[in-house]
Each structure stands twice: as structure tokens, then as C-alpha cells.
Amino acid sequence: MKLICLRIDNNELKTTDKKEWLKFVKSHRGNVKSIEQFNWEIPENKLQKALEYSYDELYKFKLEENRREKD
């Protein structure tokens, strides 16, 4: 399952729904100062727990997982 994590001007969205992602992006049109996004393939059984974490925590977990996979 693909988890989409997006932060626009410190407003966060964590979703698997592309329509929800698009709605969030459209709602932040205008004077946007920063946009950060990453996608993460996670097992469906871990989705609910992942949604409890912040954007920054999830990004840190993703980086750790990527490092483990390279080793």
C-alpha cells in the first residue's frame, strides 16, 4: 500500500487516497512557502499505526528502512 505524506507550510497530510491528496494540494494554492512530500510502500496491516505518527517521524522511519535495505 502506498502511503502519501505531504506537508505544505507546516500543514500535514498522510493518506493513501489520491483524491484526498489532490484536494489538499488544491486547498493550499496561493502563497505557498514550502512543499515537502514522500511516498512510502508499507504493508496494509501497518497503515493504521503509521497514521499516528507525524510527517517528520514517518520520514525518519522511511530513511532508516532504506538504510537497512542497502546493508
- Note down the magnitude of the dipole of the chain about its Cα centre, charges +1 on Lys and Arg C-beta and -1 on Asp and Glu C-beta and zero elsewhere, to the nearest 20 debye. 300 debye
- Summing -39500 (n - 2.57) over every DSSP H run of at least 4 residues in the chain and dividing by its residue count gives a helix-only mean residue ellipticity at 222 nm, to the nearest 500 deg cm²/dmol, of -12500 deg cm²/dmol
- Compute the signed sum of charges (Lys and Arg +1, Asp and Glu -1) over the other residues within less than 13 Å, Cβ to Cβ, of ARG7. -3
- Item | Charge dipole of the chain about the Cα centre (unit charges at C-beta), most positive-ward option of VAL32, SER54, THR16 | VAL32
- Take every Cα pair under 8 Å in the chain that's 6+ residues apart, average their separations, divide by the length, and report that relative contact order as a whole percent. 37 percent
- What net charge do the residues around SER27 carry, taking every other residue with its C-beta under 14 Å from that of SER27, with Lys and Arg at +1 and Asp and Glu at -1? +2
- What whole-number value in cubic angstrom gives the convex hull volume per residue for the C-alpha atoms of the chain? 87 Å³
- Query: So which residue, out of LYS46, LYS33, LYS23, gets the largest mean-square fluctuation from a GNM of the chain using Cα contacts under 10 Å as springs?
  - Reply: LYS33
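Read-outs throughout are calculated quantities, based only on the coordinates presented, and are distinct from any laboratory measurement. The model shown is predicted, which means the values in this text are computed figures rather than measured ones. Backbone-built Cβ (ideal geometry, glycine too); neighbour counts: all protein chains shown.
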